[in-house]
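Structure record follows, encoded as structure tokens.
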Amino acid sequence: MKHFFSMLAFLVYGSMVFAQTNDFIMLKNGTQITGSFTIDRSIFGGTIKSFIIDADKKVISPSTVMAYQENGNYYAKSVGSNTFLERTLKGKIELFSTSSTYTKMSSTGAMSTTTTVSEYFRVDNGPIEELSDKKLRKIMADTPEAIALLDKDRKLTYWTYGLIGGGIVTTIVAGVNVGKDDKFPTPGIIAGLAIAISSWIPSLMNDDYDSKAIRVYNEKHK
């Protein structure tokens with residue numbers, strides 16, 4: 001029993017050490033600093049101000065850092081950007097994302113928050129670029145299953161823009177043809193607005209086809 005607890009303690013300690021040393025900072029000059037570190041972030045926005053190495057308290061500027069891994073989560077910069085993107089998918093094609101949150105106040109004093117997510121990708125550890133349907137199709141041309149998923153995503157996009165465009169055109173036409181005796185808003189304007197507003201429906205049907213396509217491609221190219 002004593003040997004059992006000794007072995008258990010050894011395994012726990014070993015896993016803790018591994019978890020700590022699994023973290024690293026990759027500098028732009030190619031130097032990799034392995035070990036635990038602390039990230040100093042600004043109060044507003046959470047922007048990284050510096051990396052502090054726990055072992056010697058050395059301070060590293062984020063402008064000199066190309067990528068880092070913290071608690072198993074990997075972050076890297078895209079081409080021409082100083083923003084760190086979180087890797088959300090590993091493989092031959094890696095997927096990265098970042099989110100931005102904006103808060104604004106309406107004329108009535110009500111606060112509203114909007115969060116936008118931007119996605120990026122890279123192939124074979126190359127430069128990180130903004131996610132593009134055209135580029136993905138070129139890379140995954142030899143994998144029909146992946147292209148089929150991209151086609152589904154494209155159809156939903158066309159549907160969305162079609163509803164927006166149709167709603168705008170219908171509203172404009174109805175507005176131009178409003179007579180002086182017509183009650184505003186006219187049925188035509190209401191219909192146009194309803195069509196435009198319904199453009200959010202395709203987004204409910206979006207099943208993250210881009211990500212699924214990349215997963216299929218990666219599985220075929222292990």
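Key figures for this structure:
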| item | result |
| --- | --- |
| Residue within segment 57-65 that is free of Cβ contacts under 8 Å to residues at least 12 places away in the same chain and either hydroxyl-bearing (Ser, Thr, Tyr) or not assigned by TED's automatic domain parsing to the domain that holds Asn22 (or both) present | yes |
| Strands (runs of 3 or more DSSP E) wholly inside segment 64-130 that include at least 2 residues being farther than 23 Å from Gln32 by Cα and either modelled with pLDDT of 90 or more or not aromatic (Phe, Trp, Tyr) (or both) | 93-105, 111-123 |
| Filtered residues of segment 35-49 (kept if of a type in the set (Ser, Thr, Tyr) and either under 22 Å from the mean Cα position of the chain (by Cα) or surrounded by 14 or more Cβ atoms within 10 Å (Cβ to Cβ) (or both)) | Ser36, Ser42, Thr47 |
| Segment 26-51: number of residues that are more than 12 Å from Ala67 (Cβ to Cβ) and not in a loop (DSSP other than H, G, I, E, B) | 9 |
| Of residues in segment 65-106 being surrounded by fewer than 11 Cβ atoms within 10 Å (Cβ to Cβ) and basic (Lys, Arg), the one nearest to Lys135 (Cα to Cα) | Lys90 |
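The rows are residues; the columns are (1) assigned by TED's automatic domain parsing to the domain that holds Leu95; (2) touching a strand residue (DSSP E or B) at 6+ places or on another chain (Cβ under 7 Å); (3) among the charged types (D, E, K, R).
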{"residue": "Ser118", "(1), (2), (3)": "yes, yes, no"}
{"residue": "Phe121", "(1), (2), (3)": "yes, yes, no"}
{"residue": "Gly126", "(1), (2), (3)": "yes, no, no"}
{"residue": "Glu145", "(1), (2), (3)": "no, no, yes"}
{"residue": "Leu150", "(1), (2), (3)": "no, no, no"}
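The values are calculated or read from the model by the stated rules, or taken from the named source; none is laboratory data. Nothing here was measured: the structure is a model prediction, and the numbers come from that model. Using ideal geometry, Cβ is built from the backbone for each residue, glycine included, and neighbour counts are taken over all protein chains shown.
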